[in-house]
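Here the structure is laid out as structure tokens; the discussion comes afterwards.
The values are calculated or read from the model by the stated rules, or taken from the named source; none is laboratory data. Quick caveat: nothing in here was measured; it's all calculated off a predicted structure. With ideal geometry, Cβ positions are generated from the backbone for all residues, glycine too; neighbour counts draw on all protein chains shown.
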């Protein structure tokens, strides 16, 4: 199913690199990551999936579609209610993609919690996720500025490294996160230590 948000992302991607960097993670990559992670909310009652840079919620939708594919859409009533209302969480820095993510998830029958805010520079809510599926922001907002976060191990202005630190802080398990980072982030982290 090609949703409105996927069409929007395809349009933005065709507008050039800047649009693609803000709105577009290729669906093939998203589905591959979700298949690797197998984010199954039936595992336990508080199971949650988060994306701290959700854009139009591509990862969250793909996680839900994976669940539906695995179950054939047949979930017990209490599990279906929990999945619909308290499994999918996201955050985005920009109002427009946040609205699109809410609409996208609503069209899939979900009632997510999608916050508006900066995942790197704002103190997190304290919520932790069993699975974090995300593609880090590559924009320039906050470039050359280290966030004032006591929970970060490394003080740096490197946006991708700070995002990785944030993802590690919001994950309840180290085997429950998968993200796309340029290889240079790892080598820069080693240099900045």
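Among the residues that make up the range 80-99, is at least one of them surrounded by fewer than 16 Cβ atoms within 10 Å (Cβ to Cβ), touching a residue at least 12 places away in the same chain (Cβ under 8 Å), out of contact with any strand residue (DSSP E or B) (no Cβ under 8 Å at 6 or more places or on another chain) and at positive phi?
No, because not a single residue in the range 80-99 is surrounded by fewer than 16 Cβ atoms within 10 Å (Cβ to Cβ), touching a residue at least 12 places away in the same chain (Cβ under 8 Å), out of contact with any strand residue (DSSP E or B) (no Cβ under 8 Å at 6 or more places or on another chain) and at positive phi.
State yes or no: is residue 126 at pLDDT 80 or above, out of contact with any strand residue (DSSP E or B) (no Cβ under 9 Å at 6 or more places or on another chain), within 24 Å of residue 38 (Cβ to Cβ) and assigned to a loop (DSSP other than H, G, I, E, B)?
Criteria not met by residue 126.
Which of the residues spanning the range 104-125 are exposed (fewer than 15 other Cβ atoms within 10 Å of the Cβ) and over 21 Å from residue 148 (Cα atoms)?
Answer for the range 104-125, where residues must be exposed (fewer than 15 other Cβ atoms within 10 Å of the Cβ) and over 21 Å from residue 148 (Cα atoms): 106, 107, 109, 111.
Is it fair to say residue 162 is surrounded by 15 or more Cβ atoms within 10 Å (Cβ to Cβ), modelled with pLDDT under 90 and out of contact with any helix residue (DSSP H, G or I) (no Cβ under 7 Å at 6 or more places or on another chain)?
Criteria met by residue 162.
Output the residues belonging to the range 22-59 that are in a helix (DSSP H, G or I) and in contact with a helix residue (DSSP H, G or I) (Cβ under 6 Å, 6 or more places away or on another chain).
Passing the criteria: 23, 30, 31, 34, 58, 59.
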